[in-house]
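The values are calculated or read from the model by the stated rules, or taken from the named source; none is laboratory data. The model shown is predicted, which means the values in this text are computed figures rather than measured ones. Neighbour counts run over all protein chains shown; Cβ positions are idealised from the backbone, glycine included.
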Amino acid sequence: MFRTSELCDGTNDINLGPTCGRPLGLGFNQITGQLYINDPFVGLTVVGPTGGRATILATQAEGLAFKFLVGVDVDPITGLFCFTDVSSIYDPRNATQSIQSGDSTGRLLRYDPKTKQVTVLMRGLAGPVGVAVSKDGTFILVSEFIQKYWIRGDKANTSEILINFQGNPNKIKRNKDGEFWVALNNQNQQQPTLVAPVGIKIDGLGTVLETVDLSAQYNQRITVVQEQFGSLYVGSRTVDFIGTPPLSPQSIQKLCSLLDTIGPADVGLKVENREDDRGHGFFGLNRFNRVDRWAQPITYVDLHECDSFTMCVFCFPTSSVIPLHDHPGMTVLSKVLYGSLHVKAYDWVEPERIHRGMGPNYPPVRLAKLAVDKVVTAPCETSVLYPKSGGNLHCFTAITPCAVLDILAPPYQEAAGRKCSYYRDYPYSSFSTGIGDEINDGNEEDYAWLAQIETPDDLHMRQGEYKGPAIQV
């Protein structure tokens, strides 16, 4: 059997590994731009900074062929890289047998790109899936339990158990601060047949710094949790996507505390002449032409944008509106910087209730519950909406000239299923049939039917220039 795109591209079938290959570990050298790849069916390989075909570096150590290569990480000081071979007997097609048999033939190894030699650092390991080198290059963490192997110093070439988790640790990834994220799979206490995956952040001393429960997003084993620019990215060998969990409560609390201290001047806005600035916000008021002052668009100012989040400011003229829209899978922090703003927000009723009574040429409507309906006036505290609570679908109407600072995490990205959709709300009574549509709590005024619509023609925005201090992330 030969490798073909039709056979191999997009496959998750481990039995096709000998034909298609199955990369299970990636390690990037930040200095050289090389990407090291662990493929248990091919060997230890590398791809150059411009891409192209992978070069095989090694397929064995000490005469013993690699069977189950997984973890790999580059020493940030020396450029040497460490990797793991989970078993000397079983390959990934027989991973279950490896666990059930109590196999302890795993190894921790190191490759020197200059000498092209592989050195075995530790032997007799049980399931050493993950590996991470410390930021200062003095030790390695390997996920049999979580063992610490010293590379340099008085304890060089010795190891110790750093921390012993109750669940099964998988890969370990170092963040920019030198801390480590461990992907851990526990048994679900309510449903023993399922796993309860978590991400656990530890330091080099084994102190647990943060725990993120991922069971709401995953009911299966995860393999990796990696932090980048303050966001977490979660991977699993059994799915075909990368997940980003919601911001942790600790992160949200820290962000809210910071945003509560921010005023207009901190993002380059001026608070002078507010009376004359109606209809224009604080960008581009033409004092000699007041005829069309009420027709001015909302000004959008981009402060920072990356894969993890978007930070922006909306400047509203009086009576301007951002129509009802959603934030799928996103957490949004909003701070009114000046002025007054009416906020009306809904959350979807779960399980979903859909009504198709408008007819075949009309979109269906879905039931939502009112979460927020109030006027917010600066100075005020930061508000937070979550993927499924806090008013994920909201509408803004400017009572006076006002500005709102928003942080959206993760940002809108259509390819990832985070597309902004607009809605029109109808009173609950508009489509209630009285048959199975009754509201259990009796407060019908707190519910509405939402119909998805095209982007409204009267939504006008213009790009503003950011004139505040430099944003450091």
Problem set entry | Residue ID - surrounded by the most Cβ atoms within 10 Å (Cβ to Cβ), chosen from residues in segment 241-255 that are at pLDDT 70 or above and over 13 Å from M330 (Cα atoms) | L255
For this session: Considering each residue of segment 46-97, count those that are assigned to a strand (DSSP E or B), closer than 16 Å to T119 by Cα and within 32 Å of the chain's Cα centre (by Cα), and give that number.
Result: 10
Exercise. Quick one: in segment 113-129, which of the residues that are of a type in the set (K, R) and either part of a strand (DSSP E or B) or in contact (Cβ under 8 Å) with a residue 24 or more places away in the chain (or both) is farthest from A183 (Cα to Cα)?
Worked result: K116
Problem set entry | Subset of segment 149-171 that is polar (S, T, N, Q) and surrounded by fewer than 16 Cβ atoms within 10 Å (Cβ to Cβ) - its residue that is nearest to L109 (Cα to Cα) | N157
Exercise. Which one of these does T55 not meet: (1) surrounded by fewer than 16 Cβ atoms within 10 Å (Cβ to Cβ); (2) out of contact with any Ser or Thr (no Cβ under 8 Å at 6 or more places or on another chain)?
Worked result: (2)
For this session: Would you be able to tell me the number of residues in segment 98-112 that are part of a strand (DSSP E or B) and at positive phi?
Result: 0
Problem set entry | Only one of D457, D441, D425 that is at pLDDT below 85, assigned by TED's automatic domain parsing to the domain that holds V332 and of a type in the set (D, E, K, R) | D441
Exercise. Taking the stated definitions as given, is N15 of a type in the set (S, T, N, Q), assigned by TED's automatic domain parsing to the domain that holds I222, farther than 19 Å from V131 by Cβ and not in a loop (DSSP other than H, G, I, E, B)?
Worked result: yes
Problem set entry | Residue satisfying condition, being crowded, with 20+ Cβ neighbours inside 10 Å, more than 25 Å from the chain's Cα centre (by Cα) and modelled with pLDDT of 95 or more, within set L341, L269, L333 | L341
Exercise. Which residue pairs have Cβ atoms under 6 Å apart, sit 6 or more places apart or on different chains, and have a first residue in segment 318-337 that is basic (K, R) and a second that is assigned to a strand (DSSP E or B)?
Worked result: K335/L405
Problem set entry | Selected residue (only one of L69, L44 is touching a residue at least 24 places away in the same chain (Cβ under 8 Å), surrounded by 15 or more Cβ atoms within 10 Å (Cβ to Cβ), touching a Leu at 6+ places or on another chain (Cβ under 6 Å) and not small (G, A, S)) | L44
For this session: Please give the strands (runs of 3 or more DSSP E) falling wholly within segment 325-389 in which 1 or more residues are among the aromatic types (F, W, Y) and closer than 30 Å to D266 by Cα.
Result: 331-338
Exercise. Taking segment 379-401 as the region of interest, how many residues are under 31 Å from the mean Cα position of the chain (by Cα) and either more than 19 Å from G329 (Cβ to Cβ) or surrounded by fewer than 19 Cβ atoms within 10 Å (Cβ to Cβ) (or both)?
Worked result: 12
Seminar exercise, completed: Flagged in segment 406-427 as farther than 18 Å from E305 by Cα and without any contact (Cβ under 8 Å) to a residue 40 or more places away in the chain, in numbering order, are P427
